[in-house]
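Here the structure comes first, spelled out in structure tokens, and everything after it is commentary.
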Amino acid sequence: MKILHINTEKTWRGGEQQLLNLLQGLNKRNITSHLACQPGSAMEERAKNAGIEVFPIAMHGEIDLLASYRIRRLNTGFRYDILHSHTSHAHTLAFFASFGTKTRLLVSRRVDFSIFRHSFLHLSGFKYRFMAHYYIAISHKIKDVLVADGIPAQRIFVVHSGINPERFASSPKDHLIAEFNIRKDEHVVVNVAHLAGHKGQKYLVRAIPLVLAKIPTARFFIVGGGELMPELQSLAASLGLKQKLIFTGFRRDVGPFYQIADLFVMSSVQEGLGTAVIDALALGKPVVGTCAGGIPEIIRDGETGRLVASADPAALAGGIIDLLANPERAKQMGRRGQEMTRQSFSIDAMVDKNIEVYQQIL
């Protein structure tokens, strides 16, 4: 079995981490897996460091015929059984690269947006129905969206993302306590996500004054960069949050932020699955998450965390207040979430399920 994985992203986010996990797992199982990715990207650097065979190919959008030609040359040279695309642009490039061959086309779908969300003349319908043979959705919610958009259910497999539960277990945190002057009596609430509309941080920012009215010792950290940073900072300033809310921007030391957290919050209005939630639970951290996308496939309300309505600052504040005001119950939820995560969301489980998909489609 020979597989070429294609990723067109220049940045490093959750999908790229999942792809690296998959590539490493396939290598350990002696399954030939190569990677085509953007030259100079974090994906190229980290995959090479992990011993993956990498082919840097500049890919400028999804109608880049030169990139498709270069991928096609790889395909004919190595005779891959599967082209596994991990981004939307890679989906189209792989189709043109494989046209007229018997190579199977598989696409991983990590977002719960409709395929028609930014579709010109509904051309995405043609792309998703006819330009790939099969799909891997990382949650049942994503599969439901694809089926609603007209993709036959039998062409869609569900494989949850997997994490290394020890990834952040030994992350040092003292430098953050000093950097942000965190007091022992403060309740630290952390959100880790790209600053984008579907991550719902504006609802979290609006929830903070409601939390502070009940728990004035709460302090919030939104960890991540993104296009909404100025808008969110302006909103926080208008609410007078000052040092009660810190926007850290992009940080390489994400692990320590999980460590300092008394509570982790995922405020998304749309979410493919939510590996940041899984990372938090793996450390036994209590979580408040919204009923968005695949998050309810991770959190069982009142058992492994709190689930609240999405796009609702009052509901979000209520969940946060509930867990901060009941620390022992919150810790119990965190412990149960930790056990569930280690059983159901491991990297090995994710890799094995991907292999099962490869075997089925071949």
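Each reported figure results from applying straightforward, stated rules to the coordinates on display, with no laboratory input. Source: prediction; values computed, not measured. Here the Cβ is made from the backbone with ideal geometry for all residues, glycine too, and neighbour counts use every protein chain on show.
Fully extended, how many nm does the chain gain between LYS48 and PHE180 (0.36 nm per residue separation, minus their Cα-Cα distance)?
Contour length minus the Cα-Cα distance gives 44.0 nm.
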DSSP beta bridge pairing in the chain, given as percent antiparallel to the nearest 5: 0
Please say if segment 1-40 is rounded, prolate or oblate, where rounded means a/c under 1.5 for a ≥ b ≥ c the square roots of the C-alpha gyration tensor eigenvalues, and otherwise the choice is prolate for a/b larger than b/c and oblate otherwise? oblate
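In a shell of Cβ-Cβ distance under 13 Å around ALA261, excluding ALA261 itself, what net charge do Lys and Arg (+1) and Asp and Glu (-1) give?
On the way: positive: LYS173, ARG219, LYS285, LYS331; negative: GLU186, ASP262, ASP279.
Result for the neighbourhood of ALA261: +1.
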Residue order, fewest to most surrounding Cβ atoms within 10 angstrom, among ASP348, ASP174, ASP81, ASP112: ASP174, ASP348, ASP81, ASP112
What are the lysines whose alpha-carbon lies under 16 Å from the alpha-carbon of LYS173, with same-chain residues fewer than 8 places away excluded? LYS184, LYS285
Inter-probe distance in nm under a simple model that places probes 7 Å from Cα toward Cβ, at PHE250 and HIS140: 3.6
Any idea what angle helix 201-214 forms with the longest principal axis of the chain, computed on alpha-carbon atoms, 0 to 90 degrees, nearest 10? 20
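Within segment 174-344, what percent of beta bridges assigned by DSSP are antiparallel, to the nearest 5? Working shown, then result.
Numbers: 1 of 20 bridges.
Among the beta bridges of segment 174-344, antiparallel pairing accounts for roughly 5 percent.
Restricting attention to segment 184-246, which GluC sites (Glu not before Pro) occupy a DSSP loop and are surrounded by at most 12 other Cβ atoms within 10 Å?
Numbers: sites: GLU186, GLU227, GLU231; in loops: GLU186, GLU227.
When the GluC sites (Glu not before Pro) of segment 184-246 are filtered for loop state and at most 12 Cβ neighbours within 10 Å, GLU227 remain.
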Under 17 Å between alpha carbons, and skipping anything fewer than 8 positions from LYS141 in its own chain: which lysines qualify? LYS199
Dipole of the chain (Lys/Arg Cβ +1, Asp/Glu Cβ -1, origin at the Cα centre): which of ILE156, LEU263, PHE99 lies farthest to the positive side? PHE99
Are any of the pairs LYS214/LYS331; LYS28/LYS143; LYS2/LYS127; LYS28/LYS353 more than 22 Å apart by Cα-Cα distance, and if so, which? LYS28/LYS143; LYS2/LYS127
What is the set of long-range amide H partners of ASP64 at a cut-off below 5 Å, with H atoms built 1.01 Å from backbone N? none
Summing +1 per Lys or Arg and -1 per Asp or Glu among the other residues with Cβ less than 15 Å from THR248's Cβ gives +4
In sequence order, what are the phi-derived ³J(HN,Hα) couplings for segment 218-227 according to the Karplus relation 6.51 cos²θ - 1.76 cosθ + 1.60 with θ = phi - 60°, rounded to whole Hz, with x for glycine and proline? 6, 9, 10, 10, 9, 9, x, x, x, 5
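What does the highest-first list of 320-327, 267-274, 61-68 look like by mean Cβ count within 10 Å? Intermediate results must be reported in sequence, preceding the final value.
Values: 320-327: 18.2, 267-274: 25.4, 61-68: 15.9.
Answer by packing, highest mean first, reads 267-274, 320-327, 61-68.
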Taking other Cβ within 10 Å of each residue's Cβ, how do LEU83, LEU4, LEU241 sort, fewest first? LEU241, LEU4, LEU83
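Label the chain by shape, choosing from rounded, prolate and oblate, from the square roots a ≥ b ≥ c of the eigenvalues of the Cα gyration tensor; if a/c is under 1.5 it is rounded, and otherwise prolate applies when a/b is larger than b/c, oblate when it is not. Let's see the in-between values first.
Details: a/c = 1.93, a/b = 1.84, b/c = 1.05.
Taking the square roots of the gyration eigenvalues as a ≥ b ≥ c, the chain is prolate.
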Give the separation of the Cα centroids, segment 317-362 to segment 104-118, in Å. 23
With each run of n ≥ 4 DSSP H residues scored as -39500 (n - 2.57), what mean residue ellipticity at 222 nm is computed for the chain after dividing by its residue count and rounding to the nearest 500 deg cm²/dmol? -13000 deg cm²/dmol
Under 5 Å from the placed amide H of PHE55, counting only residues 5+ away or on other chains, we find LEU35, ALA36, CYS37
List the residues, sorted by chain then number, that are 5 or more residues from ALA137 or on another chain and whose placed amide H is less than 5 Å from its amide H. ARG109, PHE157, VAL158, VAL159
Size of electric dipole in the chain: Cβ of Lys, Arg +1 and of Asp, Glu -1, about Cα centre, debye, nearest 20: 400
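Restricting to DSSP loop positions (anything but H, G, I, E, B) with no more than 16 other Cβ atoms inside 10 Å of their own Cβ, which trypsin sites (Lys or Arg not before Pro) remain in segment 265-362?
Values: sites: ARG300, ARG306, ARG329, LYS331, ARG335, ARG336, ARG342, LYS353; in loops: ARG300.
Of the trypsin sites (Lys or Arg not before Pro), the ones in loops of segment 265-362 whose Cβ has at most 16 other Cβ atoms within 10 Å are ARG300.
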Karplus ³J(HN,Hα) for segment 26-33 (6.51 cos²θ - 1.76 cosθ + 1.60, θ = phi - 60°; Hz, whole; x = Gly/Pro) runs 5, 4, 4, 9, 6, 9, 5, 9
Taking alpha-carbon centroids only, segment 9-79 lies from segment 246-296 a number of Å equal to 27
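If you take the square roots of the eigenvalues of the alpha-carbon gyration tensor of segment 174-344 and sort them as a ≥ b ≥ c, do you get rounded (a/c under 1.5), prolate (a/b over b/c) or oblate? Working shown, then result.
Numbers: a/c = 1.34, a/b = 1.22, b/c = 1.10.
Rounded, because the longest to shortest axis ratio a/c is under 1.5.
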The summed charge of the HIS175 Cβ neighbourhood (under 14 Å; Lys/Arg +1, Asp/Glu -1) stands at 0
Whole-Hz ³J(HN,Hα) from phi, Karplus 6.51 cos²θ - 1.76 cosθ + 1.60, for segment 176-190, glycine and proline x: 6, 4, 6, 4, 9, 6, 7, 8, 5, 8, 7, 9, 8, 10, 10
